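**Student:** Pasting a structure here, questions to come.
The values are calculated or read from the model by the stated rules, or taken from the named source; none is laboratory data. All of these numbers come straight from a predicted model, not from anything done at the bench. In this analysis, Cβ positions are derived from the backbone assuming ideal geometry, glycine residues included, and neighbour counts consider all displayed protein chains. Protein only, heavy atoms only, side chains kept; ligands, DNA and RNA dropped before computing areas. Shrake-Rupley method; radii C 1.70, N 1.55, O 1.52, S 1.80 Å.
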Amino acid sequence: MLGSLVASATALETIDERLLRCGINRRSFLVFCSTLMIAAPYGLAITDKMTPEEVAAGLGKVNRPPIIWLHFQDCTGCTESLLQTSHPDFGDLILNVISLEYHETLMAGSGLQARQALEEAVQKHAGKFILVVEGSIPAKDQGIYMKLAGRPALDVLADIGGKAAAIIAIGSCASWGGIPSADPDPTGAVGVADLLPNHSIINIPGCPPNPYTLLGVVLQYAADGTLPETDNQRRPKFAFDRDIHEHCPRRAHFDAGNFVKQYCDEGHREGWCLYEMGCKGPDTHAGCSTRHFNEIPDVWPIGIGAPCIGCTEKSVAFKVPMFEVVKLHTIAAPPTSYAPITTTTGTISPLATGLVGIGVGALAGAGYVASRKFSKVEDDESAPGAKPPSSGSDTGSGTKPGVSA
């Protein structure tokens with residue numbers, strides 16, 4: 001009897017049970033599922049459905065995944081992107097979809113209380129929790145540049161990471177070092193995979209990354225115990241399968257040779273291409289151009305008139321100078337990619353005019369024949385496309401038969 005009580009006390013709720021108990025309406029959850037489908041239209045088993053209702057039905061039966069969230073050398077920007085959403089209740093909804101067991105920025109406790117909360121969470125969910133790491137880890141000089149409760153961050157990561165079912169490195173800092181690893185890198189900042197190369201790790205780089213990428217990975221693992229397919233940098237392909245340049249809303253200006261030369265010039269005000277301002281879009285794999293932040297159109301760097309800095313790329317971000325132009329990896333090369341839109345002045349031949357006339361006549365005849373199919377009454381003049389009545393008919397005056405003007 002005691003064993004069953006302990007088991008029930010430690011059992012996690014399903015997402016449906018939690019939302020019902022907290023009074024979160026179904027519509028809010030459906031909006032969440034719709035947004036998740038847009039952020040991950042393919043590549044995730046949980047969104048491989050026809051409608052948001054089907055996604056919600058599947059996710060509702062999933063136990064809320066326990067999350068332990070550690071902070072190292074970071075700015076907490078990834079956490080902010082998760083919470084600062086456009087819908088007032090969305091942050092609350094997210095925290096009810098996942099079970100956030102430990103997060104030092106959001107929790108009320110500190111010091112000894114925080115350390116005890118972490119130890120209890122790890123013990124309670126050992127081998128079952130997902131570890132989310134935000135921030136890089138200082139590896140130089142045995143990790144003396146950062147300690148938690150007197151322990152180097154290196155040791156904390158090795159200890160807790162070894163007990164996690166899966167690890168997600170959120171943000172560029174946790175993925176490969178980020179800003180702290182920029183020259184001269186005084187702390188020897190590295191990413192999670194550099195220290196735990198043999199663990200199941202998903203990198204979600206970005207400054208910050210889109211929060212729905214994180215939620216998609218977490219919920220898929222909670223649903224069937226699998227992680228999404230990744231590229232050679234351990235990034236989920238469903239979110240990093242494209243480069244910014246190919247799906248940029250300013251791509252037409254690139255192809256036309258319209259480039260911003262300096263901030264606030266006429267081209268900048270007109271929304272021209274930022275390539276010559278050092279935009280790293282051609283070298284950056286991310287979904288920012290089609291998956292904007294906070295469910296608001298144009299909430300991403302290029303959308304507000306700033307060039308992409310390549311924050312998802314280890315070899316670009318904080319390595320290549322901000323205004324340095326990157327190499328193009330696309331076939332299109334402005335402005336000779338397309339034929340000119342101007343032409344020399346000339347005359348139209350009688351033969352061309354005759355051919356056009358024949359074509360127009362054929363289309364008109366076909367339209368009249370097709371219009372007959374709208375009515376079973378022979379010569380029904382009310383059918384769409386029917387021949388207008390002759391001037392000698394009863395309706396020639398524009399009034400209906402039998403009705404006096």
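**Student:** Hey, can you grab everything whose amide H is under 5 Å from the amide H of Val62? Only 5+ residues off in sequence or another chain; H modelled, so Pro and N-termini drop out.
**Tutor:** Counting only residues 5 or more places away or on other chains, the set is Ile15, Asp16.
**Student:** In whole Hz, what ³J(HN,Hα) sequence does region 67-84 give by Karplus (6.51, -1.76, 1.60; θ = phi - 60°), x for Gly and Pro?
**Tutor:** Residue by residue, region 67-84 yields 10, 10, 10, 9, 10, 10, 7, 8, 10, 6, x, 5, 5, 4, 5, 6, 9, 7 Hz.
**Student:** Hey, if you put +1 on the Cβ of every Lys and Arg and -1 on every Asp and Glu Cβ in region 110-183, which of Ala149, His125, Ile160 ends up farthest toward the positive end of that dipole?
**Tutor:** His125
**Student:** Residues with amide H under 5 Å of Ala189's amide H, sequence separation 5 or more or different chain, H placed in the peptide plane at 1.01 Å from N; which?
**Tutor:** For Ala189, the qualifying residues are Ala139.
**Student:** Here is a further query. Compute the distance from the alpha-carbon center of region 252-328 to that of region 45-65, in whole Å.
**Tutor:** When both Cα centres are located, 35 Å separates them.
**Student:** Step through the residues of region 120-129 one at a time and calculate ³J(HN,Hα) from phi using the Karplus curve (6.51 cos²θ - 1.76 cosθ + 1.60, θ = phi - 60°), rounding each to whole Hz and writing x for Gly and Pro.
**Tutor:** 5, 5, 5, 5, 5, 10, 3, x, 10, 7
**Student:** Please work out how much length the chain gains when fully extended from Gln123 to Leu83, using 0.36 nm per residue of separation minus the C-alpha to C-alpha distance, in nm with one decimal.
**Tutor:** In short, 11.7 nm is gained.
**Student:** Another question, if that's okay. Residues with amide H under 5 Å of Thr230's amide H, sequence separation 5 or more or different chain, H placed in the peptide plane at 1.01 Å from N; which?
**Tutor:** Lys237
**Student:** Moving on to the next point. Whole-Hz Karplus ³J(HN,Hα) for region 155-170, in order, using 6.51 cos²θ - 1.76 cosθ + 1.60 and θ = phi - 60°, x for Gly and Pro?
**Tutor:** Whole-Hz 3J(HN,Hα) from phi for region 155-170: 6, 4, 5, 4, 5, 6, x, x, 9, 8, 6, 7, 10, 10, 8, 9.
**Student:** Further question on the same structure: Just how much of Met37 is accessible, in Å², when a 1.4 Å probe is used and the result is rounded to the nearest 10?
**Tutor:** For Met37, the solvent-accessible surface is approximately 40 Å².
**Student:** Check each of the trypsin sites (Lys or Arg not before Pro) in region 31-118 and keep only those in coil by DSSP with at most 14 other C-beta atoms within 10 angstrom; list them in order.
**Tutor:** Lys61
**Student:** Suppose every Lys and Arg Cβ carries +1 and every Asp and Glu Cβ carries -1, with no other charges. What dipole size does region 238-331 come out with about its Cα centre, to the nearest 20 debye?
**Tutor:** Magnitude of the dipole: close to 200 debye.
**Student:** Region 228-311: which GluC sites (Glu not before Pro) are DSSP loop and have at most 13 other beta-carbon atoms within 10 angstrom?
**Tutor:** Glu229, Glu270
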